[in-house]
Amino acid sequence: GLAYMKSNDLNKTFWEMKEAVRLKPKLLDAQLKLGNIFLLSQDFKSAREKADLVLKGEPKSVDGHLLLGGSYAGERQFDKAIEQYNECLKLDPKNLTALSNLGNMYFVKRDFAKAEEYLKQVQQKDAKNMQPRLSLAGFYTSTKDLPKAEAVYQQAIRDFPKDVNLRLIVATFYTQNVMVPKAETTLKDAIKAMPAEMSLRFALANLYQS
């Protein structure tokens, strides 16, 4: 089952984990992995059942609370999901997944102040990872706070100057928000830094044609 999971074959992983659980119902790791497959498949009821089994056997399982929170979030029971993610933080105050999920929950609840608080925490605690920055910038874009979104993107460019996808994302941000000259500058600067990257040249050509 683990071998199939590493190769992203969810179907075979599911059946192997299901067999492991049948043979050893108390094998909590297999229950947890099976629950996460249910979660990815949007079978939230089954995911919650597996989470309950895991937490019954190990009440302090952070992953069990994450799985339970995910099952509630999938069914749009956001308050219950928040409760589970907070349980995660009680057990592991630096858990980035719980912090990020809390930010997302508060965003869909339109509590933007709390959403920003949690998303900023993730960015600060995981400064070497690009994704938290993109999530924070996306949050600011969604809430129409374009200056803050731009500031996050520009800091990301300073920190990750050779990231091609980042430059393309920032150029798209400028284009979609009617800041075409800034999109052009972003792509030209990127081409100077990475002259061999043809995707940047194609993006600039498409910008001129649009």
(message) Just to be sure I understand the model, the point goes 7 Å from the Cα along the line to the Cβ. What's the resulting ALA113 to LYS60 distance in nm?
(response) 3.5
(request) Using θ = phi - 60° and the Karplus relation 6.51 cos²θ - 1.76 cosθ + 1.60, list the HN-Hα couplings for region 121-131 in order, rounded to whole Hz, with x at every Gly or Pro. (result) 4, 5, 4, 5, 7, 10, 5, 8, 10, 6, 4
(request) List, in order, the whole-Hz ³J(HN,Hα) value for each residue of region 148-154 obtained from phi through the Karplus relation with A = 6.51, B = -1.76, C = 1.60 and θ = phi - 60°; use x for Gly and Pro. (result) 5, 4, 4, 4, 5, 4, 5
(request) Would you work out the relative contact order for region 139-206, in percent, from Cα pairs under 8 angstrom that are 6 or more residues apart? (result) 23
(request) Could you work out how far apart the two model spin labels at ASN129 and SER199 are, taking each label as a point 7 Å from the Cα in the direction of the beta carbon, and quote it in nm? (result) 2.1
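Count charges around LYS162 for me, please; just the other residues with Cβ under 13 Å from its Cβ, Lys/Arg as +1, Asp/Glu as -1. Mind showing how you got there, number by number?
Values: positive: ARG158, ARG167, LYS192; negative: ASP159, ASP163, ASP189, GLU197.
Counting the neighbours of LYS162, the net charge comes to -1.
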(request) Using a 1.4 angstrom probe, figure out how much accessible area the chain has per residue, in square angstrom, rounded to the nearest whole. (result) 58
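Tell me the carbon and sulfur percent of the accessible area for region 108-183, rounded to whole percent, probe radius 1.4 Å. All intermediate terms of the calculation are to be shown ahead of the outcome.
Numbers: 2210 of 4220 Å².
Here carbon and sulfur together make up 52 percent of the probe-accessible area.
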(message) From the phi angles alone, apply the Karplus equation (6.51, -1.76, 1.60; θ = phi - 60°) to region 167-180 and give each ³J(HN,Hα) in whole Hz, x where the residue is Gly or Pro.
(response) 4, 5, 5, 5, 4, 5, 4, 5, 5, 5, 10, 6, 10, 4
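For every other residue with a beta carbon closer than 11 angstrom to the beta carbon of ILE191, add +1 if it is Lys or Arg and -1 if Asp or Glu, then tell me the sum. Don't jump to the answer; show the numbers that get you there.
Values: positive: ARG167, LYS188, LYS192, ARG201; negative: GLU184, ASP189, GLU197.
With Lys, Arg at +1 and Asp, Glu at -1, the net is +1.
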(message) Let me check I've understood the local charge: for GLU75, count other residues with C-beta under 10 angstrom from its C-beta, Lys and Arg +1, Asp and Glu -1. What total comes out?
(response) +4
(request) May I ask you to derive the relative contact order of region 49-135, considering only C-alpha pairs under 8 Å and at least 6 residues apart, and to give it as an integer percent? (result) 18
(request) Would you mind checking the radius of gyration and Dmax of the chain based on alpha-carbon positions, in Å? (result) 20.9, 63
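The values are calculated or read from the model by the stated rules, or taken from the named source; none is laboratory data. Owing to the predicted nature of the structure, the values given are computational and were not obtained by experimental measurement. Here the Cβ is made from the backbone with ideal geometry for all residues, glycine too, and neighbour counts use every protein chain on show. Calculation scope for accessible area: heavy atoms of the full protein, side chains included, ligands and nucleic acids excluded. Shrake-Rupley method; radii C 1.70, N 1.55, O 1.52, S 1.80 Å.
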